[in-house]
Amino acid sequence: MARAHHGLLATALLLFTCLISLTAAAPSPGCGKGPTLRNGQTVNTNVNGKSRQYTLRLPDNYNQNNPYRLIFLWHQLGGSAQKIIQGENPNQGGVLPYYGLPPLDTTKSAIYVVPQGLNAGWANQNGEDVAFFDNMLQSVSDGLCIDTNLVFSTGFSYGGAMSFSLACSRPNKVRAVAVLSGGLLSGCAGGNDPVAYYAQHGTADSVLNVSGGRQLRDRFVRNNGCRALSSEPSPGSGGKSTRVDYQGCQAGKDVVWVVHGGDHNPSQKDPGASEPFAPRNTWEFFSRFN
Ligand SMILES: *[C@@H]1O[C@H](CO)[C@@H](O)[C@H](O)[C@H]1NC(C)=O
């Protein structure tokens, strides 16, 4: 009897511990301390002998006791950190400032990191851009209060490729990614572990074709244990986006796929809509996790 009770107790305790580790915030070493990094600051660092830069956006009234989400925003080829910060002709195929996310963050839960690419891209030669990510994550964890369980990554085109690359190589650091019109341009070291995965792609993409986007997606459909679709979804009339929420995925390892009829465009809108759908879909996806 006593033994059975002990067994039950141990099981209950184990379940409880698992639950805690799944749901509790993981405050970084920078929590509870005065911040050593500022809103708007461009940080210079050195990675593998190369000088690298990134710029930070903190919420108003930053609170050093609040573990924030951390969102990495990678620019496209020929883009820049500055063009992500300021936005770039979103009505002509460019991005909204910070990929349109801060206005949706009504509780000001996120800190943003905006890195600058070497040669304005993310070729990730010998893993140097993943090493840059490690460097930034370490510095921000030490200098600011973040929840290390809530680290996210998004980007368009080359920036989507870099987010995919992190999902491959840093599955235990990155909780979810949003890949906007991405391709296999920044490599995929590892790539066998589950990571929550949102992607959108246009069937008329003239830069990185939709088959490439589907291939990236299917890696995480497999890794996350989701049920494959019996047929490939198509956009609706007028190129309207079609959204698929994959079923059967492991808990917390969701996959969402949005296919639209447009070209290579981070700011694709549905017919008649006034706003692009990427920001709302991305924010909805990232804010599932808390
Ligand atoms: C898509 O792009 C890839 C890489 O450029 C290329 O190898 C492939 O043939 C293209 N597929 C289609 C269907 O156009």
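The values are calculated or read from the model by the stated rules, or taken from the named source; none is laboratory data. Note that the structure is a prediction, hence the values are computed from the model and not measured. Cβ placement follows ideal geometry from the backbone for every residue including glycine, while neighbour counts extend to all protein chains displayed. Keep in mind that these areas ignore ligands, DNA and RNA; they rest on the heavy atoms of the full protein, side chains included. Shrake-Rupley method; radii C 1.70, N 1.55, O 1.52, S 1.80 Å.
What to note about this one:
- In this structure, the amide hydrogen of residue 72, modeled 1.01 Å from its nitrogen in the peptide plane, lies closer than 5 angstrom to those of 113, 152, 153, 154, counting only residues at least 5 positions away or on a different chain.
- Choice from 63, 46, 192 showing the highest fluctuation, given a GNM over the chain with Cα pairs closer than 10 Å: 46
- Difference of contour (0.36 nm per residue) and Cα-Cα distance, residue 214 to residue 273: 18.7 nm
- Per-residue HN-Hα couplings for region 185-191 [Karplus 6.51, -1.76, 1.60; θ = phi - 60°; Hz; x = Gly/Pro]: 10, 10, x, 8, 7, x, x
- Highest GNM mean-square fluctuation among 153, 163, 237, for the chain modelled with Cα contacts below 10 Å: 237.
- Expressed as a whole percent, the accessible surface of the chain that belongs to carbon and sulfur atoms is 51, based on a 1.4 Å probe.
- Fully extended contour minus Cα-Cα distance, from residue 222 to residue 237, at 0.36 nm per residue: 2.4 nm
- Simple spin-label estimate for residue 118 and residue 46 in nanometres, 7 Å along Cα-Cβ: 1.5
- A simple rule links phi to the HN-Hα coupling: the Karplus curve 6.51 cos²θ - 1.76 cosθ + 1.60 with θ = phi - 60°, which for region 108-120 gives 6, 9, 10, 10, 10, 10, 10, x, 9, x, 6, 6, 6 Hz, with x for Gly and Pro.
- Computed over the chain: relative contact order in percent, which uses C-alpha pairs under 8 Å that are six or more apart: 17
- Among 275, 88, 232: highest mean-square fluctuation, GNM of the chain, C-alpha pairs under 10 Å: 232
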